[in-house]
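Take a look at the structure below.
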Amino acid sequence: MSKELQLKAFERLLIIMDELREQCPWDKKQTLQTLRHLTIEETYELGDAILDNDLNEVKKELGDLLLHIVFYAKIGSETNDFDMADVCNEICDKLIHRHPHIYSDIKVKDEEEVKQNWEKLKLKEGKKSVLEGVPRSLPALVKASRIQDKVKGVGFDWEESHQVWDKVQEELEELQVEVKAGDQDKIEAEFGDVLFSMINYARFLNVNPEDALERTNKKFIKRFQYLESKAAEMGKPLMDMTLAEMDVFWNEAKKQ
């Protein structure tokens, strides 16, 4: 599709947004605050579609998310704080500024150097910490991954993957010490350290820990639902089955 057709489609969305804001009772009432939780939900739905590799669903969810962006910009224009043009120009200016290897004479040798320059530029823009860009409300697992990415950008990182694995082993040993001691608060603290070090190790393996865990979640759900269906065929509630009986169907599910 040509740029002209893409711009025309975007203009159509902007016009529809204007009409909805003026005429629809629900759309009239929405604020930045009321839309926030819906935007988060739409983002997760997009993430699900990407994990499922359902490109048609990705297209639909991108549309839902784009609608939210246009909605926020429309609300901003009503208070004269910002509009869609301001939003677009802001991100365009940021992209140009943070890609000097494209828009100026700066040279980079690889992707890693691009990321390092990105973090250095953010600090020059007035940010006091490289971690300022990590949203406070991110889920803990995602937040840990982003924290580690951020500090890596300024050179705070392990050199070799075996060093990270050694750290995982060290944290596991410390967890076992606290488990034997029975101090629940210290157990939780050490368990967090284990998770943080495992997320770090995932980065060295080029594995996205969120995607890896969700993949396992989906696998477990599929196998457990197979177990439930087999129990239903037998007319026997799961709670009345022994673990040995359940294990038979679980192993069947694993082979499928």
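The values are calculated or read from the model by the stated rules, or taken from the named source; none is laboratory data. Keep in mind the model is a prediction, meaning the values are calculated, not measured. Don't worry about glycine lacking a Cβ; one is built from the backbone with ideal geometry, like all the others, and counts go over all protein chains shown. All accessible areas refer to the heavy atoms of the entire protein, side chains included, with ligands and DNA or RNA removed. Shrake-Rupley method; radii C 1.70, N 1.55, O 1.52, S 1.80 Å.
Please give the helix 161-181 orientation as an angle from the longest Cα principal axis of the chain, in degrees from 0 to 90, rounded to the nearest 10.
60
Starting from the Cα of residue 255, draw a straight line to each of the aspartates and glutamates and keep only those under 13 Å, dropping any in the same chain fewer than 8 residues away.
Excluding near neighbours in sequence, the set is 247.
Determine the sum of side-chain charges near residue 221: Lys and Arg each +1, Asp and Glu each -1, restricted to other residues whose C-beta is under 12 angstrom from that of residue 221.
+3
Once segment 192-256 is represented by equal point scatterers at the alpha-carbon sites, with solvent omitted, what log10 I(q)/I(0) does the Debye formula produce at q = 0.11 Å⁻¹?
-0.41
When only C-alpha pairs under 8 Å and at least 6 residues apart count, what is the relative contact order of the chain, in percent?
For the chain, the relative contact order is 10 percent.
Please compute the alpha carbon radius of gyration of segment 36-182, then divide it by the globular-protein estimate 2.2 N^0.38 Å. Two decimals is fine.
After normalising by residue count via 2.2 N^0.38 Å, the value is 1.39.
Roughly how compact is segment 156-244, stated as its Cα Rg over 2.2 N^0.38 Å to two decimals?
1.56
Counting only protein heavy atoms and a 1.4 Å probe, tell me what percentage of segment 11-126's accessible area is made up of carbon and sulfur.
Summing carbon and sulfur atoms, their accessible area is 56 percent of the total for segment 11-126.
Reachable aspartates and glutamates from residue 107, Cα under 18 Å, same-chain residues fewer than 8 places away excluded?
119
For segment 79-177, what is the accessible area per residue in Å², given a 1.4 Å probe and the full set of protein chains?
On a per-residue basis, segment 79-177 sits at 71 Å².
Per residue, how much space in cubic angstrom lies within the convex hull of the C-alpha atoms of segment 1-62?
Expressed per residue, the convex hull around the Cα atoms of segment 1-62 is 101 Å³.
Relative to the first principal axis of the alpha-carbon coordinates of the chain, what is the inclination of helix 84-97, with its axis defined by its Cα atoms, in degrees from 0 to 90 and to the nearest 10?
70
Filter the cross-link list 60/219; 94/120; 219/254 down to pairs whose alpha-carbon distance in this structure exceeds 18 Å.
In this structure, 60/219 exceed 18 Å between Cα atoms.
Calculate the tail of P(r) for segment 86-170: the fraction of all Cα-Cα distances greater than 16 Å, expressed in %.
Pairs farther apart than 16 Å: 65 percent.
Let me check against my output: what whole-number percent is the relative contact order of segment 120-256, with C-alpha pairs under 8 Å and at least 6 apart?
About 19 percent, as a whole number.
Report the Rg/Rh value for segment 29-70, based on alpha-carbon coordinates and the Kirkwood definition of Rh.
That ratio is 1.04, to two decimals.
Considering the values (1) 47, 46, 28; (2) 92, 40, 32; (3) 64, 52, 38, which represents Cα extents along the principal axes in Å as calculated for the structure under consideration?
For Cα extents along the principal axes in Å, the calculated option is (3).
Give the peptides 143-151, 128-136 in descending order of average Cβ contacts within 10 Å, highest first.
143-151, 128-136
Per DSSP helix of 4 or more residues, -39500 (n - 2.57); summed, then divided by the residues of the chain. What does that give at 222 nm, rounded to the nearest 500?
For the chain, the value works out to -25500 deg cm²/dmol.
Tabulate in residue order the Karplus-calculated ³J(HN,Hα) for segment 99-113, using 6.51 cos²θ - 1.76 cosθ + 1.60 with θ = phi - 60°, rounded to whole Hz; enter x for Gly and Pro.
Values, residue by residue: 10, x, 6, 9, 9, 8, 9, 5, 10, 10, 9, 7, 4, 5, 5 Hz.
Percent of accessible area on segment 150-256 owned by carbon and sulfur, 1.4 Å probe?
The nonpolar share, carbon plus sulfur, comes to 55 percent.
Take each of the peptides 106-116, 171-181, average the number of other beta-carbon atoms within 10 Å over its residues, and list them starting from the highest.
Ranked by mean Cβ neighbours within 10 Å, highest first: 171-181, 106-116.
Among the aspartates and glutamates, which have Cα under 14 Å from the Cα of residue 186 when same-chain residues fewer than 8 positions away are ignored?
Leaving aside aspartates and glutamates fewer than 8 places away in the same chain, those within reach of residue 186 are 171, 173, 174, 178.
Helix 243-255 versus the longest principal axis of the chain: what is the Cα-based angle in degrees, 0 to 90, to the nearest 10?
Taking the Cα atoms of the chain, the angle to 243-255 is about 50 degrees.
Go ahead and set up a Gaussian network model of the chain, Cα springs under 10 Å, then flag whichever of 160, 245, 57 fluctuates most.
245
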